[in-house]
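Asks: Dropping a structure here in structure tokens format, bear with me for questions.
The values are calculated or read from the model by the stated rules, or taken from the named source; none is laboratory data. This structure is a prediction, so every number in the text was calculated from the model and none was measured. Cβ: placed from backbone, ideal geometry, glycine included. Neighbour counts: every protein chain shown. Just the protein is used for accessible areas: all its heavy atoms, side chains included, with ligands, DNA and RNA removed. Shrake-Rupley method; radii C 1.70, N 1.55, O 1.52, S 1.80 Å.
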Amino acid sequence: MQAVLRIEGLPANALDAAAEFHRIWLDQARDALRGEAQSLVMVMPPAPPDHRDWRRAIARDLARELAPKRVNLVSGGDPDAISAVLEYLARAPGVTGQLLPASGQGADNPAG
């Protein structure tokens with residue numbers, strides 16, 4: 001079973017967004033895997049490039065902490081692309097600790 005945590009409302013500034021994620025969403029992410037779910041996918045809206053490092057670290061470090069359960073992060077604004085990535089991850093038991101962009105154009109930041 002795959003749990004999905006949709007994360008919204010983070011600040012535009014990368015440092016502030018990372019701090020708010022840790023304050024509000026980190027425990028929810030951990031809690032999502034305390035039950036029967038074997039995989040967690042966190043879904044976040046697109047963000048500028050300066051958000052990539054903290055988002056990658058979240059996916060990587062939660063995956064290490066919660067192994068053998070899997071943790072990935074999907075970033076994007078295209079619902080169809082996000083659904084496609086969620087379907088892929090549900091069938092990809094070897095993929096964990098990844099930040100995956102999801103958009104119809106192959107990038108998670110339409111602004112560049």
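Asks: Filter segment 77-103 down to residues that are at pLDDT below 95, in a loop (DSSP other than H, G, I, E, B) and under 19 Å from Pro48 (Cα atoms), then give me how many there are.
Replies: Residues flagged as at pLDDT below 95, in a loop (DSSP other than H, G, I, E, B) and under 19 Å from Pro48 (Cα atoms) within segment 77-103 amount to 4.
Asks: Which residue, of Ala3, Ala17, is at pLDDT 95 or above, in a helix (DSSP H, G or I), of a type outside the set (D, E, K, R) and surrounded by 14 or more Cβ atoms within 10 Å (Cβ to Cβ)?
Replies: On the way: Ala3 fails: in a helix (DSSP H, G or I).
Only one candidate passes the filter, namely Ala17.
Asks: Let me ask something else. Taking the stated definitions as given, is Ile82 buried (at least 20 other Cβ atoms within 10 Å of the Cβ) and free of Cβ contacts under 8 Å to residues at least 60 places away in the same chain? Explain how you work it out, then say what you get.
Replies: Details: buried (at least 20 other Cβ atoms within 10 Å of the Cβ): yes; free of Cβ contacts under 8 Å to residues at least 60 places away in the same chain: yes.
It is true that Ile82 is buried (at least 20 other Cβ atoms within 10 Å of the Cβ) and free of Cβ contacts under 8 Å to residues at least 60 places away in the same chain.
Asks: Restricting attention to segment 41-68, which residues are open to solvent by less than 30 Å² (accessible area, probe 1.4 Å) and either part of a strand (DSSP E or B) or basic (Lys, Arg) (or both)?
Replies: Val41, Met42, Val43, Met44, Arg55
Asks: Yes or no: Val74 in a strand (DSSP E or B) and not polar (S, T, N, Q)? Walk me through how you get there before you give the answer.
Replies: Working: in a strand (DSSP E or B): yes; not polar (S, T, N, Q): yes.
Considered against the rule, which asks whether it is in a strand (DSSP E or B) and not polar (S, T, N, Q), Val74 comes out as yes.
Asks: Which of (1) touching a residue at least 12 places away in the same chain (Cβ under 8 Å); (2) assigned to a helix (DSSP H, G or I); (3) surrounded by fewer than 15 Cβ atoms within 10 Å (Cβ to Cβ); (4) within 15 Å of the chain's Cα centre (by Cα) does Glu8 not meet, given it meets every other one?
Replies: Single failed check for Glu8: (2).
Asks: Filter segment 23-40 down to the residues that are within 16 Å of Thr96 (Cα to Cα) and not basic (Lys, Arg), then identify the one that is most open to solvent (accessible area, probe 1.4 Å). It would help to see each step written out before you state the result.
Replies: Taking segment 23-40 and keeping what is within 16 Å of Thr96 (Cα to Cα), we get 29-30, 32-33, 37-40.
Remaining after also requiring not basic (Lys, Arg): 29, 32-33, 37-40.
On the way: Ala29: 0, Ala32: 32, Leu33: 11, Ala37: 3, Gln38: 99, Ser39: 4, Leu40: 1 Å².
Ranking the candidates gives Gln38 first.
Asks: Another question about this same structure. Search segment 86-101 for residues that are in contact (Cβ under 8 Å) with a residue 24 or more places away in the chain and pair each with any residue that is part of a loop (DSSP other than H, G, I, E, B) and charged (D, E, K, R) when their beta-carbon atoms are under 8 Å apart and the residues are at least 6 apart or on different chains.
Replies: Pairs that qualify, where the first residue is in contact (Cβ under 8 Å) with a residue 24 or more places away in the chain and the partner is part of a loop (DSSP other than H, G, I, E, B) and charged (D, E, K, R), are Pro101/Asp108.
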